[in-house]
2 protein chains.
Amino acid sequence: MAPPAPLPLFGVILAGGSGTRFWPLSRSQYPKQVLRLLGSESLLQATCNRLLLRIPPERLAVVTSAAQADVIRLDLHRQGLTNVHLWLEPEGKNTAPAVALAAMLLNPEAGADIMAVFPADHYIRDTAAFHEALEQGAALAQAKFLVTFGITPTRPDTGYGYIKAGESLGSGGLKAQAFIEKPDLARAQAFLAEGGYYWNSGIFLFRRDVFLEALARHLPDIYQGLKSLGPGASQEAVAEAYRRIPSISLDHGIMEKAGNVAVVPVDLGWSDVGTWSALHDLFPADDRGNVILGRALDRDSRNTLIFAQDRVVGTIGLDHMIVVDTPDATLVCSRDRVQEVKDLVAELTRQNQMETREHLTVERPWGRYTVMQGGPGYKVKKVVVDPGCRLSLQLHHRRAEHWVVVQGEARVTIGDRVSTVLPNQSVYIPLETAHRLENPGTEPLALIEVQTGDYLEEDDIVRLADDFWRVPK
Amino acid sequence: MAPPAPLPLFGVILAGGSGTRFWPLSRSQYPKQVLRLLGSESLLQATCNRLLLRIPPERLAVVTSAAQADVIRLDLHRQGLTNVHLWLEPEGKNTAPAVALAAMLLNPEAGADIMAVFPADHYIRDTAAFHEALEQGAALAQAKFLVTFGITPTRPDTGYGYIKAGESLGSGGLKAQAFIEKPDLARAQAFLAEGGYYWNSGIFLFRRDVFLEALARHLPDIYQGLKSLGPGASQEAVAEAYRRIPSISLDHGIMEKAGNVAVVPVDLGWSDVGTWSALHDLFPADDRGNVILGRALDRDSRNTLIFAQDRVVGTIGLDHMIVVDTPDATLVCSRDRVQEVKDLVAELTRQNQMETREHLTVERPWGRYTVMQGGPGYKVKKVVVDPGCRLSLQLHHRRAEHWVVVQGEARVTIGDRVSTVLPNQSVYIPLETAHRLENPGTEPLALIEVQTGDYLEEDDIVRLADDFWRVPK
């Protein structure tokens, strides 16, 4: 059987969210879209792969903010997704500018004049139904509709936006009469009883020219601000343009105002994975309604999600709770209050707590490091370098480093000397000395690094040469 | 004003419990009695100090099991309590053998023929009332009663044993008519309504000769097994004697059977600190009933105890819960189910989980170490040596060690060489090499130790010389 034909679309994946509602698993430097919440792929990787089945990589772009560029690039890189476009917004300004920027940067001659916009961090169980829906949506988009997908509600959920549908437009589409913000419970119940209301999936399809026309009409500031940008526009030009445009969502800015909006009811096994509670619902539960992952030992809890990792978590008699444990932070939350996790994170951020920014283990293109402990004048890390990889050639102004190899084989450059360092051997890197760490072997290289100095942050790295993207060329 | 006269007592502190109900703060090698649950003193230290106000140290003995000897000795040592007796049972056999052993080992000519028996791990707010009660109890004990203290119940608690009191015996004592095991709620409510029932405080006073007479009559196996032991009996003799005697509590074995038992009602501000819930009640709560300690951020919880340490714990909307976070293990438990913590620990112990045995930070007579991370072939520790202290002269058969000093000044012996190692300097200790670490300075010495080898447990230490009690003389 021949593979299905490519879809006539240019896919735009919006990957700029921070996802603070998944704290402590999500951090500002490790947002929801790169979390492996549902299997071995991150939500972003799964979104890309779901589209790459029917869209070639040169017609797929991931849009994120410059602040998240490294973590998003690394997440793509880890799955070999190096040939999709990565377009950076200087700063997040909600979805309308992101989509408008994509419309400017994509090459209209690349073989598709329909743009399809996808959140990076949703879950879709039924990939075949999803692809079918895209074909259906593309037909409506070709007919000059701004198309969105509506999920038939199964419960009076107050966490979603709703779309009220009207008469049929043919091709499975209905006229979208109104976009409704997250309703209260009474309204959500009324929508469910009345019928004709759909959850707003956040997926949109439209012809590029139709979108630009709508943009020019409904958000003229954004259209005017960005229209001079084209394929290959420089980061400086984008930064300059972004400075003057407002922050607004696609829903508010265009969809709610346009007359030619179609909603296509779909059944995709979809979830926005919006909260810990939504995630709980996506896992198979035991006969008490519990989902217990990791090194947890429970006695007699009910309807509870327990997400442990390496540490032991003991639980007794919990009901309707969320417990999430990470190496440096723990959340214990009533299931009814999961929407407030973002408020908790906002307060921790206000207090400038590190645990909102990064995990103790930080992924790098060459492997990863784990901060084991720090104190006045020192910091201890475990550094793991993947086979065949090397860190940048670098130096530090304010710290010296002691490395003790504990696994694998290290090739170490210090100044102009290169040596091999084996397990149970150590080397010393004085400050102000150019050095490089490489794993020439076929197994991971692990070493313990003891840093000493008066300043021990990541920004005291002067990169002299790099195999990755981290030295401006 | 002259200090109050010493009490005419020999104090026996029973410190053999494991206190698994305070997991994850308590561990089998760090039991409840050495926890600093209520201030800067451990429960054992507080118990000793409360008695030392009125009993000289040579008339005070702590009885514990050989397995807990090091941690109990260290806890006493840390408060300078080096001159109280420490008597070791070869194994815990409940309270009757422990008290019987103490009766044999104490020197009846030491100036007190009344023994007073105290749990090591209870809380008493009113020290003056406690001392008064002891005087009163001593008078009854002199009159040949087996005396216990009864706490007037303030609620129908099902976590305590009860004593039913009868007619007055004079000197504030009442005849103890019955000892009742932890009752169910209905019975506890009836006791409270009826009156004349007291909580069994676990404190006992009796003349040594009266106790030995009761022991010979009611527990002849124990009496016969131990009667040949006297002051200064060897560990071997005690071990031999213990092999043959049964395990039984003082309450069951003697108090419930003897006719001459008196109960003295007392009001001491007493708690057995038996569970996390009991501990919660001892702290001042906020106006929602919460006690929140450590680095916790709470939103809108009620009647909840949150015990955090260095890690961030975020909590939202909890009600009637216990949350206890330690560096390697977390407990989340309904307040109604705190009695089951011991069952959880039993299950973890059955699974042979390290987190039931030791904390990551382990106290030593010379300071402490913290296990930071381990993996195949290596382990990383932070070692802190108190000023003026040194570790034993030791060697390891199966591991080498790399030390990087990060604070203070180390005097390091390796083989027959002694050197000074300063911050940002490192040394290497090959395996099979005698070495010693000393802090000759006046500030703490901290170093990072990376161990490498095929076996990295604490029992690979051959001690050649030691400043403490750890090399048999």
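Take the residues in region A:177-187 that are over 30 Å from the mean Cα position of the chain (by Cα) and not in a strand (DSSP E or B); name whichever of them is surrounded by the fewest Cβ atoms within 10 Å (Cβ to Cβ).
Checking each candidate, the answer is A:Ala186.
Yes/no per residue for (1) surrounded by fewer than 19 Cβ atoms within 10 Å (Cβ to Cβ); (2) at pLDDT below 95; (3) assigned to a helix (DSSP H, G or I):
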| residue | (1), (2), (3) |
| --- | --- |
| B:Leu134 | no, no, yes |
| B:Gly137 | no, no, yes |
| B:Lys144 | yes, no, no |
| B:Val147 | no, no, no |
| B:Thr154 | yes, yes, no |
| B:Lys175 | yes, no, no |
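Across region B:158-171, what is the total count of residues that are buried (at least 19 other Cβ atoms within 10 Å of the Cβ) and assigned to a loop (DSSP other than H, G, I, E, B)? Walk me through how you get there before you give the answer.
Residues of region B:158-171 buried (at least 19 other Cβ atoms within 10 Å of the Cβ): B:160, B:162-163, B:165, B:169.
Those left that are additionally assigned to a loop (DSSP other than H, G, I, E, B): B:160.
Number satisfying all stated conditions: 1.
Please go through region A:194-213 and pick out each residue that is surrounded by fewer than 21 Cβ atoms within 10 Å (Cβ to Cβ) and either part of a helix (DSSP H, G or I) or among the basic types (Lys, Arg) (or both). Lay out the reasoning, then the answer.
Filtering region A:194-213 down to residues surrounded by fewer than 21 Cβ atoms within 10 Å (Cβ to Cβ) leaves A:194-196, A:207-209, A:212-213.
Those that are surrounded by fewer than 21 Cβ atoms within 10 Å (Cβ to Cβ) and either part of a helix (DSSP H, G or I) or among the basic types (Lys, Arg) (or both): A:Glu194, A:Arg207, A:Arg208, A:Asp209, A:Leu212, A:Glu213.
Each row is one residue, and each column tells you yes or no for (1) touching a Ser or Thr at 6+ places or on another chain (Cβ under 7 Å); (2) over 21 Å from B:Ser426 (Cα atoms); (3) hydroxyl-bearing (Ser, Thr, Tyr).
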| site | (1), (2), (3) |
| --- | --- |
| A:Ile414 | yes, no, no |
| A:Ser419 | no, no, yes |
| A:Gln425 | no, no, no |
| A:Leu431 | no, no, no |
| A:Gly453 | no, no, no |
| A:Glu458 | no, yes, no |
| A:Val462 | no, yes, no |
| A:Ala465 | yes, yes, no |
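Given the criterion touching a residue at least 24 places away in the same chain (Cβ under 8 Å) and surrounded by fewer than 24 Cβ atoms within 10 Å (Cβ to Cβ), identify the matching residue among A:Leu74, A:Leu101.
Details: A:Leu101 fails: surrounded by fewer than 24 Cβ atoms within 10 Å (Cβ to Cβ).
Of the residues listed, the single one that is touching a residue at least 24 places away in the same chain (Cβ under 8 Å) and surrounded by fewer than 24 Cβ atoms within 10 Å (Cβ to Cβ) is A:Leu74.
Could you list, in sequence order, all residues of region A:64-82 that are farther than 21 Å from A:Gly367 by Cα and of a type outside the set (A, V, I, L, M, F, W, C)? Step through it out loud before you land on a result.
Narrowing region A:64-82 to residues farther than 21 Å from A:Gly367 by Cα: A:64-66.
Answer for region A:64-82, where residues must be farther than 21 Å from A:Gly367 by Cα and of a type outside the set (A, V, I, L, M, F, W, C): A:Thr64, A:Ser65.
One line per residue, one yes/no per condition, for (1) more than 24 Å from A:Ala216 (Cβ to Cβ); (2) of a type in the set (A, V, I, L, M); (3) at pLDDT 95 or above; (4) not in a strand (DSSP E or B):
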| site | (1), (2), (3), (4) |
| --- | --- |
| A:Trp87 | no, no, yes, no |
| A:Gly92 | no, no, no, yes |
| A:Pro97 | no, no, yes, yes |
| A:Leu101 | no, yes, yes, yes |
| A:Asn107 | no, no, no, yes |
| A:Ala112 | no, yes, no, yes |
| A:Met115 | no, yes, yes, no |
| A:Phe118 | no, no, yes, no |
| A:Ala129 | yes, yes, yes, yes |
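Restricting the search to region A:311-334, which residues are surrounded by fewer than 24 Cβ atoms within 10 Å (Cβ to Cβ) and either more than 9 Å from chain B (Cβ to nearest Cβ) or polar (S, T, N, Q) (or both)?
A:His320, A:Thr326, A:Ser334
What residue, among those in region A:286-310 that are more than 14 Å from chain B (Cβ to nearest Cβ) and more than 22 Å from B:Leu318 (Cα to Cα), is surrounded by the fewest Cβ atoms within 10 Å (Cβ to Cβ)?
The selected residue is A:Asp287.
Search region B:373-388 for residues being modelled with pLDDT under 95 and at the interface with chain A (Cβ under 8 Å from one of its Cβ atoms), and hand back the single one that is surrounded by the fewest Cβ atoms within 10 Å (Cβ to Cβ). Give the derivation first.
Keep residues of region B:373-388 that are modelled with pLDDT under 95, which gives B:373-377.
Right, trim to at the interface with chain A (Cβ under 8 Å from one of its Cβ atoms) and you get B:373, B:375-377.
On the way: B:Gln373: 18, B:Gly375: 14, B:Pro376: 9, B:Gly377: 17.
Top of the filtered list is B:Pro376.
Anything in region B:178-226 that is under 17 Å from B:Val12 (Cβ atoms) and out of contact with any helix residue (DSSP H, G or I) (no Cβ under 9 Å at 6 or more places or on another chain)? List them, or say none.
Result: B:Ser201, B:Asp209.
How many residues does region B:372-381 contain that are under 19 Å from B:Ala329 (Cβ atoms) and either in contact with a Ser or Thr (Cβ under 8 Å, 6 or more places away or on another chain) or not assigned by TED's automatic domain parsing to the domain that holds B:Asn439 (or both)?
Total meeting the criteria: 2.
Suppose the filter is hydrophobic (A, V, I, L, M, F, W, C), assigned to a loop (DSSP other than H, G, I, E, B) and either within 33 Å of the chain's Cα centre (by Cα) or modelled with pLDDT under 95 (or both); does B:Leu447 pass it?
In short, no.
What residue, of B:His280, B:His252, is outside the structural domain of B:Ala102 (by TED's automatic domain parsing), buried (at least 16 other Cβ atoms within 10 Å of the Cβ) and closer than 25 Å to B:Ala120 by Cα?
On the way: B:His252 fails: outside the structural domain of B:Ala102 (by TED's automatic domain parsing).
On inspection, the qualifying residue turns out to be B:His280.
Among the residues of region B:339-372, which ones are facing chain A (nearest Cβ under 7 Å) and closer than 26 Å to B:Glu443 by Cβ?
Scanning region B:339-372 gives a single hit, B:Met372.
Within region B:335-354, how many residues are closer than 26 Å to A:Pro24 by Cα and surrounded by fewer than 22 Cβ atoms within 10 Å (Cβ to Cβ)?
Qualifying residue count, region B:335-354: 4.
Output the residues belonging to region B:389-420 that are of a type in the set (A, V, I, L, M), under 22 Å from B:Leu456 (Cβ atoms), assigned to a strand (DSSP E or B) and more than 10 Å from chain A (Cβ to nearest Cβ). Reasoning before the result, please.
Step one: of region B:389-420, the residues of a type in the set (A, V, I, L, M) are B:391, B:393, B:395, B:400, B:404-406, B:410, B:412, B:414, B:418.
Among the residues that remain, those that are also under 22 Å from B:Leu456 (Cβ atoms) are: B:391, B:393, B:395, B:400, B:404-406, B:410, B:412, B:414.
Filter once more, so that each one left must be assigned to a strand (DSSP E or B): B:393, B:395, B:400, B:404-406, B:410, B:412, B:414.
Once the filter is applied, which keeps residues that are of a type in the set (A, V, I, L, M), under 22 Å from B:Leu456 (Cβ atoms), assigned to a strand (DSSP E or B) and more than 10 Å from chain A (Cβ to nearest Cβ), region B:389-420 yields B:Leu393, B:Leu395, B:Ala410, B:Val412, B:Ile414.
Yes or no: B:Ala233 surrounded by 15 or more Cβ atoms within 10 Å (Cβ to Cβ) and in contact (Cβ under 8 Å) with a residue 12 or more places away in the chain?
Working: surrounded by 15 or more Cβ atoms within 10 Å (Cβ to Cβ): yes; in contact (Cβ under 8 Å) with a residue 12 or more places away in the chain: yes.
It is true that B:Ala233 is surrounded by 15 or more Cβ atoms within 10 Å (Cβ to Cβ) and in contact (Cβ under 8 Å) with a residue 12 or more places away in the chain.
Results for (1) in contact (Cβ under 8 Å) with a residue 24 or more places away in the chain; (2) in contact with a strand residue (DSSP E or B) (Cβ under 7 Å, 6 or more places away or on another chain); (3) over 18 Å from B:Asp272 (Cβ atoms), shown as yes or no for each residue.
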site	(1), (2), (3)
B:Leu140	yes, yes, yes
B:Ala143	yes, no, yes
B:Leu146	yes, yes, yes
B:Lys175	yes, yes, yes
B:Ala188	yes, no, no
B:Tyr197	yes, yes, no
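Determine if region B:456-468 includes at least one residue that is in a loop (DSSP other than H, G, I, E, B) and either closer than 26 Å to A:Gly453 by Cα or within 12 Å of chain A (Cβ to nearest Cβ) (or both). So that I can check it myself, show each step before the final result.
So in region B:456-468, the residues in a loop (DSSP other than H, G, I, E, B) come out as B:456-461, B:466-468.
Now drop any that are not either closer than 26 Å to A:Gly453 by Cα or within 12 Å of chain A (Cβ to nearest Cβ) (or both), which leaves B:456.
Within region B:456-468, one or more residues are in a loop (DSSP other than H, G, I, E, B) and either closer than 26 Å to A:Gly453 by Cα or within 12 Å of chain A (Cβ to nearest Cβ) (or both).
Inspect region A:429-444 for any residue being in contact with a His (Cβ under 8 Å, 6 or more places away or on another chain) and facing another protein chain (nearest Cβ under 10 Å) and give the result as yes or no.
Yes: one or more hits.
The values are calculated or read from the model by the stated rules, or taken from the named source; none is laboratory data. Everything quoted here is computed from the prediction, not taken from an experiment. FYI the Cβ positions are ideal-geometry reconstructions off the backbone, even for glycines, and counts take in every protein chain you see.
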